[in-house]
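Please treat every number below as a calculation from the coordinates, not as lab data. Here the structure is a predicted model, which is why all the values come from computation and not from measurement. Reconstructed Cβ throughout: ideal geometry from the backbone, glycine too, with neighbour counts over all protein chains shown.
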Amino acid sequence: MIEAVPACRRCGVCCRRGGPSLSRRDLPLVASGLLRPARLMVLRRGEHVADNVAGGVGPLAVELVRLRPGPDGRGCLFFREPHTCSVHSERPEQCRTLSCDAPGAVAATYLEDRLSRRDILASDDPLAALCAHHEAETDLVRLALLCRRALAGHAPSREEVARAVRLDAAFRELLPARAGVAAADLPFYLGRPLARALPVLRAALGVGGLYKPVPSA
Ligand code: SF4
């Protein structure tokens, strides 16, 4: 028997923790323009995130598209204090199904049927090809492995990480300059900069990691 999910108390606790990740059932909200790129961000496969639903911190198994935080960098951008959703009648599916009183009901299934950039960008959109190229060349799962090898002193891995960092930076210049993408939309098209997405890359970028100090003469 399927247990009924307790009704939302509209207390705002979930909303203050951050915006929801989206499912394919939210595509009409994307198509209507309510959930446009400037309001979305991508968390890439392999990205280290805190999981507010299932708990814990770790690499993501699948790409997620989620609502961005509000101006204070926390909470959902549609949340208004004291406890109002400014898009309540059009809120995403996760907001409709997640209950503070029964988070397990969503935790078991919420990584299924997740929305990704591939669902949003038309296959013949040149931006789709650019995003796919960036994703392949800066694959976070592979980069995490390379970073660990670089930190252990493996020079070829260190060079591969450095190349990926340069390529990521180049894409973040190229899309606004050549493809007409607003700089504010980059967190949707490319996700977060590599050093923010991968803690181990920050370690590899530190002294003794990716960039070794030059010994003094
Ligand atoms: S969309 Fe509305 S209900 Fe969902 S997290 Fe944001 S403010 Fe809360």
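Order the peptides 83-96, 58-71 from the highest to the lowest mean number of other Cβ atoms within 10 Å of their residues.
Taking the mean over residues of other Cβ atoms within 10 Å, the ranking is 58-71, 83-96.
Quick one: check the C-alpha center-to-center distance for the range 22-75 versus the range 123-201, whole angstrom.
So the two Cα centres are separated by 18 Å.
Let me understand the chain better: what is its radius of gyration from the alpha carbons, and its Dmax, in angstrom?
Cα-based Rg and Dmax for the chain come out at 19.3, 75 Å.
Where does the chain land at 222 nm, in deg cm²/dmol rounded to the nearest 500, when only DSSP H runs of n ≥ 4 count, each adding -39500 (n - 2.57), divided by all residues? Mind showing how you got there, number by number?
Values: 11 runs with 86 residues, N = 217.
Here the helix-only value at 222 nm equals -10500 deg cm²/dmol.
What is the order of F78, F171, fewest Cβ neighbours within 10 Å to most?
F171, F78
Does the range 31-86 come out rounded, prolate or oblate by the C-alpha gyration tensor, with a ≥ b ≥ c the root eigenvalues, rounded set by a/c under 1.5 and, if not, prolate when a/b is larger than b/c and oblate if not?
Cα axes put the range 31-86 in the oblate bin.
Would any residue of the range 80-95 have its amide N under 18 Å from a label point 7 Å out along Cα→Cβ of A102? List them or say none.
93-95
Put a dot 7 Å past each Cα toward the Cβ at R80 and R142; how far apart are the dots in nm?
4.7
With each pseudo-label sitting 7 Å past Cα toward Cβ, what's the R202-R149 distance in nm, one decimal?
Reported label-point gap for R202 and R149 is 2.5 nm.
Report the FRET efficiency, 1/(1 + (r/R0)^6), for D72 and R163, where r is their Cβ-Cβ distance and R0 is 35 Å, rounded to 0.05.
With a Förster radius of 35 Å, E is 0.45.
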